[in-house]
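Just below is one structure, and these are the notes that go with it.
The values are calculated or read from the model by the stated rules, or taken from the named source; none is laboratory data. Computed from a prediction, not measured in an experiment: that's the story for all the values here. Neighbour counts run over all protein chains shown; Cβ positions are idealised from the backbone, glycine included.
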Amino acid sequence: MENNVLIFGHKNPDTDSICSSLVKERLNKKLGKENCKAVRLGKVNKETKYVLDYLKLEAPELIESVDEGQEVVMVDHNEFNQSVEGIDKAKILEVVDHHRIANFETLEPLYYTARPFGCTSTILLQEYKVNELEISKEEAILMASSIMSDTLLLKSPTTTDYDKKALEELERISGMNIKEYGLEMLKAGTDLNDFTAEELISLDAKSLDKNGTKFIIAQVNTVSIEDVLKRQEELEKAMRDEINSKGLELFVLAITDILNSNSEIIALGNKVEAVEKAFDKKLEDNRAFLEGVVSRKKQLLPNIDKNI
């Protein structure tokens, strides 16, 4: 693999991380950069598996570390604590991302594309258009899947006009009812019954560090918050184990209702007051209901981060 430029998203990859890695590989090869390969940094979740199965695609190869000097392209993230082991010694050629920029430093110049869009694939669609590249049906579905996943069918506050226009264009290219497909994709990702509590809290978890204060904000999507809360006791035990093993000050689990666009959060740790201040709500039984809150990036993280 040392001859390939490795393309990957963040740890605990979501649909945007996996699909955007695959799209970026295809885009680069159309630009003549043949020696590149999409890989992943974690298990494929059920939502993403729905996409890959629909397109009859194999999941990218799993990697756990990179060697010093390995050439890489980072998509859908830039923070080193969310990336592969060894990223600080890798040669980062390019970043394509839609998140905040934090804890990022390189020894050499690079291509860096950052846009405050709802999804990385919206940025990649612009790269196709700038380079006047044809978009296949497969590529259109991969990008559309990413957009619908990250924006919850364009209902998340992270959604921009760019995402809306991108999805319209990708629907035309795909020739399918993309939102009908998207709803089935999202529903596939809400089947949580066969996950252990430990797996649930790590399905989509972001590790964060603010001035030495380590915390995690994790999120699971569901069509029934009540069903997930039946497992609150075991979820809290798994969260406390993570707090103790990783020296965390705070662990927040957001249980998000994708149909009604609300979340219930469970918060544990020494810094739970940051959560209460962030949303002006007192935690009861370690929980709080947050009406209209669905986005970790735009609603959960900024509010919690400034109160840490």
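A few notes on this one:
- Residue-level check: of (1) of a type outside the set (Lys, Arg); (2) touching a Gly at 6+ places or on another chain (Cβ under 6 Å); (3) crowded, with 23+ Cβ neighbours inside 10 Å; (4) under 20 Å from Lys298 (Cβ atoms), Asp16 misses just (2).
- Residue in region 86-108 that is surrounded by fewer than 18 Cβ atoms within 10 Å (Cβ to Cβ), aromatic (Phe, Trp, Tyr), free of Cβ contacts under 8 Å to residues at least 60 places away in the same chain and assigned by TED's automatic domain parsing to the domain that holds Pro157 present: yes
- Checked across region 194-213, the condition of being under 20 Å from the mean Cα position of the chain (by Cα) and either on the phi > 0 side of the Ramachandran plot or of a type in the set (S, T, N, Q) (or both) holds for at least one residue.
- Residues of region 243-289 that turn out to be in a strand (DSSP E or B) and over 22 Å from the mean Cα position of the chain (by Cα), as a count: 5
- Criterion (under 21 Å from Thr190 (Cβ atoms) and of a type in the set (A, V, I, L, M)) met by exactly one of Leu283, Leu268, Leu290: Leu290
- Some residue of region 259-278 being farther than 22 Å from Ala197 by Cβ, crowded, with 20+ Cβ neighbours inside 10 Å and not charged (D, E, K, R): yes
- Contacts under 6 angstrom Cβ, first residue in region 158-169 being in the same structural domain as Gly118 (by TED's automatic domain parsing) and surrounded by fewer than 22 Cβ atoms within 10 Å (Cβ to Cβ), partner charged (D, E, K, R) and not in a loop (DSSP other than H, G, I, E, B), 6 or more apart: Thr158/Lys297; Thr158/Lys298
- Residues of region 45-72 satisfying the condition of being in contact with an Asp or Glu (Cβ under 8 Å, 6 or more places away or on another chain), in a helix (DSSP H, G or I) and among the hydrophobic types (A, V, I, L, M, F, W, C): Leu52, Leu55
- Within region 243-257, the residues that satisfy the criterion of being in contact (Cβ under 8 Å) with a residue 12 or more places away in the chain and surrounded by fewer than 20 Cβ atoms within 10 Å (Cβ to Cβ) are Ile243, Lys246, Gly247, Glu249, Asp257.
- Test for Ser65: is it under 21 Å from the mean Cα position of the chain (by Cα) and surrounded by fewer than 17 Cβ atoms within 10 Å (Cβ to Cβ): yes
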